[in-house]
Amino acid sequence: MNSLCDAHNHLHDARLLTWRESLLIELPLRGIRHAVVNGTSEADWMEVQALARSHSWIHPAYGLHPWRVRERSPDWLEALSEALSSDSRASLGEVGLDRWVKGHDIGLQQQILLEQWQLAAREERVATVHCLQAWGHLVEFLRTAPRLRAFLIHSYGGPAELVPELATCGAYFSFSPYFLNPRKALQRGVFATIPLNRLLVETDAPDMAPPPESNAHPLHDPGTGAILNHPSNLTVAYQALAELRGIPVDDLAFLVEQNFLRIFGD
């Protein structure tokens, strides 16, 4: 199989600490040659940075997640700028808009997203976008925001009708093993239509686990017993997407790697 690329995960997440050292050895042995590890707040950017400095296959991403906008310090934007400047491979992420989370303030989210987007434009960086129940707001934002060379909408949950306009704005779309859940049949249908040159694959580990019947690498939080998504489930996502698109998984891996390198570099 060609090199596999995890376009979006949180390998630095404390829930994976028990297994992190073994994962850092295991994942490259499974053919995972690139992984974008996304920070979500000032509190974890340095952890992402440390992983990327120690492992060349990890691409760092730094951003203020819409769930974390109220946690920012007065100097958050300066800290973000310094994190991005510390590595030429660094991208902006995870950022976005979310009307699903309880107590959301979409106006504040839009303000913070714009400030981050402007920074990415100045630094000529790409971005990874989180969007839940805010597709109209995202499209409106993109129509007036500075143009980035490219951005990824991770675990794309929007309708097929938006794909052409989003792609025109620079969007790529990543498929998650979570979409194998039976109730996600509609989203699988969307990914059957997305142009192949706009497709990526992700895990969002330790979140977004596949359903039990598809979970090739079961993992549970030792403290709470909660189901975690093992980053090796990237192979599950590749296999499922290849079947969905009716192409050999090696052909898909080649196409996805070309897309990944076009956005995030080597």
With farther than 19 Å from E26 by Cβ and either in a loop (DSSP other than H, G, I, E, B) or not charged (D, E, K, R) (or both) as the only criterion, which of L241, L234 stands out?
L241
Scan the range 95-132 residue by residue and report those that are loosely packed, with under 14 Cβ neighbours inside 10 Å, in a loop (DSSP other than H, G, I, E, B) and not acidic (D, E).
W100, V101, K102, G103
Quick check, is P60 in contact with a Gly (Cβ under 9 Å, 6 or more places away or on another chain), in contact (Cβ under 8 Å) with a residue 40 or more places away in the chain and buried (at least 16 other Cβ atoms within 10 Å of the Cβ)?
no
Here are some conditions: (1) within 16 Å of the chain's Cα centre (by Cα); (2) open to solvent by less than 10 Å² (accessible area, probe 1.4 Å). I194 meets all but one. Which one does it not meet?
(1)
In the range 1-45, the residues that are among the aliphatic types (A, V, I, L, M), surrounded by 15 or more Cβ atoms within 10 Å (Cβ to Cβ) and assigned to a helix (DSSP H, G or I)
L16, L23, L24, L27
Got a sec? Which of R149, R183 is charged (D, E, K, R) and under 19 Å from the mean Cα position of the chain (by Cα)?
R149
Filter the range 141-191 for residues that are within 18 Å of A237 (Cβ to Cβ), of a type in the set (A, V, I, L, M, F, W, C) and buried (at least 17 other Cβ atoms within 10 Å of the Cβ) and give the result.
L152, I153, F173, F175, F179, L180, V190, F191
Log entry, pairs with first residue in the range 247-266 being outside any helix (DSSP H, G or I), second being at pLDDT 95 or above, beta carbons closer than 7 Å, six or more apart or on different chains, reads P248/A242; G265/R89
Can you name every residue in the range 199-220 that is touching a residue at least 60 places away in the same chain (Cβ under 8 Å) and either open to solvent by less than 30 Å² (accessible area, probe 1.4 Å) or not in a loop (DSSP other than H, G, I, E, B) (or both)?
L199, L200, V201, E202, T203, D204, A205, P206, L219
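The values are calculated or read from the model by the stated rules, or taken from the named source; none is laboratory data. Computed from a prediction, not measured in an experiment: that's the story for all the values here. All Cβ positions, glycine included, derive from the backbone under ideal geometry; neighbour counts span all protein chains shown. When the accessible area is computed, the model is the full protein with side chains, heavy atoms only, and any ligands, DNA or RNA have been set aside. Shrake-Rupley method; radii C 1.70, N 1.55, O 1.52, S 1.80 Å.
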